[in-house]
Amino acid sequence: MVTQVGVASAQVSTPLQNSDFKGPWSVVTNTQGKLCVADRHDHPIDFNSTWCSDFIGVEAVRHWQEQTGTRPVTKFKQVPRTVYIHDEHRDENHHGSHHGSHHGSHHHQTHRVYNTISYTDYEPVYTSFSKRYNIQEIQFGDRKYVYTGGEVSPELKAFLSSRPEENIWVQLITTEGETWNYEIGKNTVKAWKQIYSNSKVLPEVH
């Protein structure tokens, strides 16, 4: 049962589960003998909405990470070191036929080498969380429809099928009082025209 209410709240029944809808996003599909289209928006909340000829489902899930600790890790780094190499070169100079003298020439060379050393560092540990929100209100601008599941009313079908083929914003309010604005893509809006202006039940395609 869907009833139109001025500007107020709308209750939305439990949405179709992911396993019930396997079609592509924003494309009309034959799902369990019904015309359906699914829309998705994943930032900052993962919104999935399913619009079928006889059902509307909205699901909102938030995913995030939090640092829950640190852990020690072994890391390696290259440390430069200068090495001195001593070379001695001897030149022999002869003075006369019986005496000679040796003069040494000393050379120092430097080379840079790198040693690999290990050390202990600490890095953060993150844990992933997700939270599923139950939607109790849905509103299109100043138009709102109370939906408690089951057949979609002719009034709501007429509203959805008459939308211009452009993106449209909806406002979702959770049972906890949080409000999320969700933009539905124009291809989904275009699909509404096909689904809700001619909502015949189709045989399942095999």
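The values are calculated or read from the model by the stated rules, or taken from the named source; none is laboratory data. If you're wondering where the values come from, they're calculated on a predicted model, not measured in any experiment. Glycine also receives a Cβ, built like all others from the backbone with ideal geometry; neighbour counts cover every protein chain displayed. In case anyone asks, the SASA skips ligands and DNA or RNA and just uses the protein heavy atoms, side chains included. Shrake-Rupley method; radii C 1.70, N 1.55, O 1.52, S 1.80 Å.
Can you name every residue in the stretch 90-141 that is among the hydrophobic types (A, V, I, L, M, F, W, C), under 30 Å from residue 60 (Cβ atoms) and at pLDDT 75 or above?
125, 129, 138, 140
So, of the residues in the stretch 136-162 that are part of a strand (DSSP E or B), out of contact with any helix residue (DSSP H, G or I) (no Cβ under 8 Å at 6 or more places or on another chain) and open to solvent by 20 Å² or more (accessible area, probe 1.4 Å), which turns out to be farthest from residue 49 (Cα to Cα)?
Ranking the qualifying residues of the stretch 136-162, first place goes to 146.
Can you pull out every residue in the stretch 171-195 that is of a type in the set (A, V, I, L, M, F, W, C) and under 21 Å from the mean Cα position of the chain (by Cα)?
172, 180, 184
For the stretch 51-66, state whether one or more residues are modelled with pLDDT of 90 or more, surrounded by fewer than 18 Cβ atoms within 10 Å (Cβ to Cβ) and in a strand (DSSP E or B).
yes
Which of the residues spanning the stretch 163-203 are open to solvent by 30 Å² or more (accessible area, probe 1.4 Å), closer than 17 Å to residue 35 by Cα and either at pLDDT 85 or above or not small (Gly, Ala, Ser) (or both)?
Those that are open to solvent by 30 Å² or more (accessible area, probe 1.4 Å), closer than 17 Å to residue 35 by Cα and either at pLDDT 85 or above or not small (Gly, Ala, Ser) (or both): 187, 190, 193, 194, 197, 198, 200, 201, 202, 203.
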